[in-house]
1. For the chain, what are the per-bin percents of Cα-Cα distances with bins 20 Å wide, up to the bin holding the maximum?
2. At 0.36 nm per residue, minus the direct Cα-Cα distance, what do Arg228 and Gln284 gain on full extension? Give it in nm, one decimal, please.
3. Between Thr37 and Glu399, take the C-beta separation as r, use R0 = 25 Å, and let me know the FRET efficiency to the nearest 0.05.
4. Rounded to the nearest 500 deg cm²/dmol, what is the calculated helix-only ellipticity per residue at 222 nm for the chain, with -39500 (n - 2.57) per DSSP H run of length n ≥ 4?
5. Within the chain, what is the number of lysine pairs with alpha carbons under 22 Å apart, leaving out pairs fewer than eight places apart on the same chain?
6. If neighbour count is taken as other Cβ atoms inside 10 Å, put Val218, Val300 in order from fewest to most.
7. Karplus couplings for region 235-245 from phi (6.51 cos²θ - 1.76 cosθ + 1.60, θ = phi - 60°), rounded to Hz, Gly and Pro as x?
8. Skipping prolines and chain starts, which residues have an amide H placed within reach, meaning under 5 Å, of the one on Val96, given they are 5 or more residues away or on another chain?
Amino acid sequence: MSALASVGPGAGFATRREAGRAARAHTPRRSHARWETPPARTDPLELLEEQARSRVPELVPVRYERMRTSPFAFYRGGALLMASDLAGTPQSGLIVQLCGDAHLSNFGLFGSAERRLVFDINDFDETLPGPFEWDVKRLATSFEIAGRHRGFSDAERREVVSAAAAGYRERMWAAARASVLDAWYDTLDAESVQTWLRHERDGERATKRQMKTFDSVVAKARTKDRMRAFAKLVSTRDGRLRIAADPPLIVPVEDIVGEREDAAGTEARMQAVLTSYRATLGTQRHPLSEYTYVHMARKVVGVGSVGTRAWVLLLVGRDDADPLFLQAKEAEASVLERFLGPSDAASHGERVVRGQRMMQASSDIFLGWQPGFAGDGSGLERDYYIRQLHDWKGALDAEQMVPQGAVLYARICGETLARAHARSGDRVQIATYLGESRTFDEAMTDFAAAYADQNETDYRAFVAALDAGRLGAAPAGSGGS
C-alpha cells in the first residue's frame, strides 16, 4: 500500500501514473489469478456461527435456509467468508472506498434525487476503504458462480466474467482520461442503457428479446413506489393504519415488545430517533419535517442481512393517503474491518451512509443514520442507517440469465463499479496499474473459477452441517428470497 500512501490525488498526473506502474511491479496483475486453500484457513462454518451470535436468534435459521438454496445464495450470504480469504491474497495497495459485497445482485435500478432512474450499486452494509481488487474479485466470482448455477458452459462463463473485468478496466481508463468533474459526475441512467442496448442490437451483440427484458425491468421499477408498498403492507385496524403482520418475515413492533406501555414507549423513542436522524440529512429544509410517525414493524430483508435488525417505518404527510416508508437497518461492523482496520466513522450507520454517498453518483434524499436505537425492547442500543424502503427499485433476475444477456449485464456492472471506485480512489493510478491489455481480465477469470470451486466446497460443508443439526434449520414456510 506504500505506492498510494506516498502519492496523493493532488500530485501531478505523471507522478500518479508512475505510482501505478510501481504498484504493478510490486504486485503483478497475474498474481491476482491465484487461489489455493491455505492450510490454516479459518473454518467458514465457525465464521457463520460467529456472525449468528449478534443476530436475532429466531431469524438465524431463516438466513441459513435462504443460503442453502444454491451455491449462489450461499455466496451472497458469505461476504465475511470471502473477506477472510481475500485478506491472504496479493494486495495492489491501491485504496478505494469498497462496497465490500459487490456481487451481481447488489446492482440495480433506483430513483435518484433528480427523479431519474439510474443503475448503480445498491448495498453498502460492508463498505470500508480497501484494495480495489477485493470488490472486483467479489463481482467476478459472483458471475462465475451464477453462471454455473444457470448451466453455462466453461467458455460461456469465461466470456461473462471477462466482460465484467474488461468493463471495469476500460471504464477506469475512461475516468483517468476524463476531466476531474466529468469523472466525478459520470453516471448511468436507464435511458442510456436502453440506447446502448439498441446499439448492441444493431451490431448483433444483443437481441431484441434482451432489449424487451430490460424495458420490462425499467417499467416494473417505476411501479415499485411508496403507494404500491402501502397497498401491500398496510391495513387499517381500529381506524388506525398499521403494518400488517406476516411472521416471521414482518412482525409489528407491539408483537415484539409485548406490553402496550412498552409499545407506546417505543413510539416515543422512535419520534426522538427521527428528530436526530433528520440532522444527518444535510439540508435545513427537508420533506421529512412534514411527515408524522404512525407505526413500525421488523422486516426480514436480503440473504446476507437476515438476522440483523431491520425496521419498516410508516409515516404520513398531508393525510393517510400520503404515506412514506422508511427502512431503518441495523449497521454492524463491516466484515472487512478485522482485516483492513476499523472505520473512522463515529458509528457504523454513519460509516454506511458516508460510504454510499461517496460511491453513488446520486443517493436517496432520505439516506441518513441514527446511532443508539433500542427499538426491539432489548435495552441494547444499536447503530442504524435509514433510507426509503421503495423508490423505483428494479433489478435483473439472476435466476433467468442467459449467456449473451449475462455478458451485457456483467459489462454494465463492471463499468458501474469502476465509476464508484474512480470517485473515491486515484483513478489515474488504478488505470495505469490495470493497463490496456487483457492481462488483468484474464487474472480475474482465473481467480473467479478457482474461488467458485472453493465456494462449492464450502457450500457442501454448510449443507451437511445443516442436515446434521449443527447450524439449525428454518421453520417451515419461513424461506424466501
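1. In whole percents, the pair-distance histogram is 23, 57, 19, 0.
2. Value of the extension gain: 17.2 nm.
3. Plugging the Cβ-Cβ distance into 1/(1 + (r/R0)^6) gives 0.30.
4. -15000 deg cm²/dmol
5. Lysine pairs satisfying the spacing and distance rule in the chain number 16.
6. Going from sparsest to densest Cβ surroundings: Val218, Val300.
7. For region 235-245, the Karplus-derived couplings read 10, 9, 10, 6, x, 10, 5, 9, 6, 6, 6 Hz, x marking Gly and Pro.
8. Here Gly130, Phe132 satisfy the definition.
The numbers here are math on the coordinates, done by the rules we state, and not lab data. Computed from a predicted model, the values in this text were never measured in an experiment. In this analysis, Cβ positions are derived from the backbone assuming ideal geometry, glycine residues included, and neighbour counts consider all displayed protein chains.
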